[in-house]
Structures are given as structure tokens and as C-alpha cells.
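The values are calculated or read from the model by the stated rules, or taken from the named source; none is laboratory data. Source: prediction; values computed, not measured. Reconstructed Cβ throughout: ideal geometry from the backbone, glycine too, with neighbour counts over all protein chains shown. Remember, those area values only see protein heavy atoms, side chains included, never the ligands or the DNA or RNA. Shrake-Rupley method; radii C 1.70, N 1.55, O 1.52, S 1.80 Å.
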Amino acid sequence: MKQDVLTFDGFVSNVQYTACLAGKLPEYDFGDFDINKAKPCGKIIVPDGSVAYSKWVSPKRTRSYPFARLYDILNAPKRITVIPVLKDEGIDGDLDRIQFSTISWMNLFDIYIVLAYCESAVRNSRAGQSKRNKISKQSFSPDFVERQILDILKYKNSALHWNFNLLETSFVDIYRKALDSYQAISERTGVKMHDRKHKKSIWRKSEPILRISKISRFPVQKMLLREKLLLFIVMSIFQTVRKLGLMSEIILEEFTT
């Protein structure tokens, strides 16, 4: 049966909110902080203050529902979220990559993104899984995450500036690190991963922002109908970005046509 679908155009401006149900955040001294051992969200204490953090186990928003953890850090004056740029569970498991719409959400909520990659994992040994090509217990590179957090602590511009600069200058390099790391994990564990050429085609021969926007938009057209608020968020972001002069009219046209 054919169903009518309503779409809305507009802008989100002057975003104001208070997270009334946010839980108490566990605290960690920066010198003792390890992203792999820390709780899913918390507060990192530094000499001149603190920064709230959350972490994702997958870049896919509907895989582990990270927004609950994001909610708990919304009242903090400065907040970061650690997202794996890519997660490959093996040829018999899921393959997820970060989507541009996720970055748009983080921009709206003024959350600084730390792009991470898996450094180590083991063969999945759970009952019924041991003979399949799947890995588990994936861990981030803690030093790589720590360096980005240090850079954010020194960063004076907004999360929107940071996130777009991260994409423009570092996305391809981080993605390549993820590809190399999964190849090394495959060799160590004997688990066959998803095809490297397929994963590499996501960013090859393209500008990071343009490439992410194009590949993220088309596979999720149906999903965007369910996430109606995404249009408002994207339009609001581009309104701000145009004022800041960070993106060209070409990129704006890509997202609004």
C-alpha cells in the first residue's frame, strides 16, 4: 500500500537545553585514563578543569545506542565522544563505518569528535562462533585517542570547527590506520576480514568531506525518512558553516539537492 510521507524544511537555531536525567559521571585523572578500561562515559580531570567523554563501540548509531551515553555528558561545558572510524567484525560479522549524519549530530550538540581505530582483537570464541570468521574484544589504540584528547584540550574554537578540520586533515590517515590494523589482526588471529578494496573505496580518490557526504547520503535515503529531524540539523549546520566560511557553495549544494 502506498503511503504518503511528510517532509519538512527549516532551520534549528538558538539551541538551548538542560539534560535533567543525566547520571553522575565517574571521574578519571588524565594521567591514568585508558579509553579501553574506562566506563562508557565519564569525566576526565585535567589541571585546569575537566572534559566529559563518551565512547562508541561501533560507528553505527543503531548498533549500540550511543545516544544514551551522549545524553549523560550534555551538561558538561566541554565534551568529547570517541567514535571508531570503522568496525569490521570479520567476514561473517558486521561491517560499519562512520556516517556523515553522525558528525552532523555531534556538531549540533557541540561535541568534539575523537576518531579512533581498533588496535587489537581476538577470535570470537563464544559458543557457536568459534568456527566462524569473527573477532571480538576489539580495543582502541589508547595512545592515539589520548593524543587527540590533548589536542582538543588545547583547542580554542568550537566543536564544529574541530570536527570539520578533523575530517579535512586526518580522516583518510585514520581510516588507513584502521585498514592496516584490521589486516594485522587478520594475520594474527587467522580470521578473514571484509575485503580491503571494498573498505578502501570509501575514501580513495576523493576529498574526505565530499566523499563521506556522498557515500553516506545514498545508502541511507530510507533511513533519513525515519530520522526526520536530520534535515533540520543539517540545514542548521550549513547555515552556521556558511557564516564561518568553512565550506564552499559546492558542498552546500551537494547536501541540499
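Are any residues in segment 31-41 surrounded by fewer than 21 Cβ atoms within 10 Å (Cβ to Cβ) and free of Cβ contacts under 8 Å to residues at least 60 places away in the same chain, and if so, which ones?
Gly31, Asp32, Lys37, Ala38, Lys39, Pro40
With the requirement that a residue be acidic (Asp, Glu) and surrounded by 10 or more Cβ atoms within 10 Å (Cβ to Cβ), what does segment 3-28 give you?
Glu27, the sole residue that qualifies.
Restricting attention to segment 193-209, and to residues there that are over 16 Å from Asp96 (Cα atoms) and among the basic types (Lys, Arg), which single residue is modelled with the lowest pLDDT?
So, considering only residues that are over 16 Å from Asp96 (Cα atoms) and among the basic types (Lys, Arg), the one modelled with the lowest pLDDT is Lys205.
Can you work out which of the residues in segment 83-101 that are among the β-branched types (Val, Ile, Thr) and buried (at least 19 other Cβ atoms within 10 Å of the Cβ) is nearest to Val172 (Cα to Cα)?
Val85
Being within 18 Å of Ile111 (Cβ to Cβ) and in a loop (DSSP other than H, G, I, E, B) narrows it down to one residue among Leu6, Leu25; which is it?
Leu25
For residues that are part of a helix (DSSP H, G or I), in contact (Cβ under 8 Å) with a residue 40 or more places away in the chain, touching a strand residue (DSSP E or B) at 6+ places or on another chain (Cβ under 8 Å) and not acidic (Asp, Glu), tally how many sit in segment 61-89.
1
If Asn163 satisfies all but one of (1) open to solvent by less than 10 Å² (accessible area, probe 1.4 Å); (2) among the polar types (S, T, N, Q); (3) under 18 Å from Lys87 (Cβ atoms), what's the number of the condition it fails?
(3)
Under 8 Å by Cβ, and 6 or more places apart or on different chains, what pairs join a residue from segment 159-175 that is under 24 Å from Pro77 (Cβ atoms) and modelled with pLDDT of 90 or more with one that is open to solvent by 40 Å² or more (accessible area, probe 1.4 Å) and acidic (Asp, Glu)?
From segment 159-175, the pairs are Ala159/Asp110; Leu160/Asp110.
Kindly indicate the residue of segment 106-153 that is of a type in the set (D, E, K, R) and part of a strand (DSSP E or B) and also surrounded by the fewest Cβ atoms within 10 Å (Cβ to Cβ) among those meeting that condition.
Lys137
Considering segment 3-22 alone, what residues qualify as being within 22 Å of the chain's Cα centre (by Cα) and within 19 Å of Thr81 (Cα to Cα)?
Within segment 3-22, Ala19, Ala22 meet the criteria.
Could you check, for segment 54-72, whether at least one of its residues is among the small types (Gly, Ala, Ser), over 20 Å from the mean Cα position of the chain (by Cα) and surrounded by fewer than 18 Cβ atoms within 10 Å (Cβ to Cβ)?
No: segment 54-72 contains no residue that is among the small types (Gly, Ala, Ser), over 20 Å from the mean Cα position of the chain (by Cα) and surrounded by fewer than 18 Cβ atoms within 10 Å (Cβ to Cβ).
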